[in-house]
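The values are calculated or read from the model by the stated rules, or taken from the named source; none is laboratory data. The shown structure was predicted, so the numbers you read here are calculated from the model rather than taken from an experiment. Here the Cβ positions follow ideal geometry from the backbone for every residue, glycine too, while neighbour counts run over all protein chains shown. Side chains included, ligands, DNA and RNA excluded: accessible areas come from the protein's heavy atoms. Shrake-Rupley method; radii C 1.70, N 1.55, O 1.52, S 1.80 Å.
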Amino acid sequence: LHQSLEDARNEATILTYSWDLALDSQTEEEMGELLFDTLFELAPNLKPVYRKPRQILSARFVEMMSTLVSFHGDPMMMEEQITWLGFRHIKYGAKKQHVRVMGDVLIETMARAVGEDWTMDMAEAWNELWIKCCDMMMNTIDDASSYGGVVQTLLS
């Protein structure tokens with residue numbers, strides 16, 4: 001238990017540090033633009049899925065990432081945030097397969113933003129965070145598929 005708590009603290013520190021490095025080298029708007037440039041480079045087939053203006057999507061991305069980094073050490077708050085994020089993405093038409101692709105895009109975006117200071121520890125910490133988020137988000141998407149009518153009523 002002590003080792004896992006220490007690992008969690010180290011991971012949270014690495015996430016916070018690398019997120020701060022990214023935002024030191026990029027404005028929030030540039031960070032969001034970098035994400036979408038990376039997304040459309042790595043997965044051009046997803047371009048039609050994103051119908052809102054990139055400025056709005058970019059701002060939401062940076063807000064979401066800040067939230068994930070902030071709540072990383074609070075599993076209950078993290079689950080609540082990811083569940084609501086999952087609900088919003090169902091409304092946008094997101095599919096389970098999109099969630100994994102976004103993880104690759106996120107890690108590549110962070111590597112590009114952090115630049116030469118990017119380390120394997122950072123990549124591992126962001127990958128771990130994304131896996132946790134994916135699991136929670138996919139559960140939300142699965143539940144919505146099973147109980148779609150109820151979810152649609154809640155979102156309306």
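General observations
- Listed conditions (1) at pLDDT below 90; (2) touching a Lys or Arg at 6+ places or on another chain (Cβ under 7 Å); (3) not β-branched (Val, Ile, Thr) are all met by Met65, apart from (2).
- Filter pass, Arg54 being touching a residue at least 12 places away in the same chain (Cβ under 8 Å) and open to solvent by 30 Å² or more (accessible area, probe 1.4 Å): yes
- Restricting region 19-48 to residues that are polar (S, T, N, Q) and in a helix (DSSP H, G or I), the residue that is least open to solvent (accessible area, probe 1.4 Å) is Thr38.
- Pro48 out of contact with any Ser or Thr (no Cβ under 6 Å at 6 or more places or on another chain), farther than 19 Å from Asp135 by Cα and modelled with pLDDT under 85: yes
- Residue list for region 93-137, filter: in a loop (DSSP other than H, G, I, E, B) and either modelled with pLDDT of 90 or more or farther than 21 Å from Leu34 by Cβ (or both): Gly93, Lys95, Trp118, Thr119
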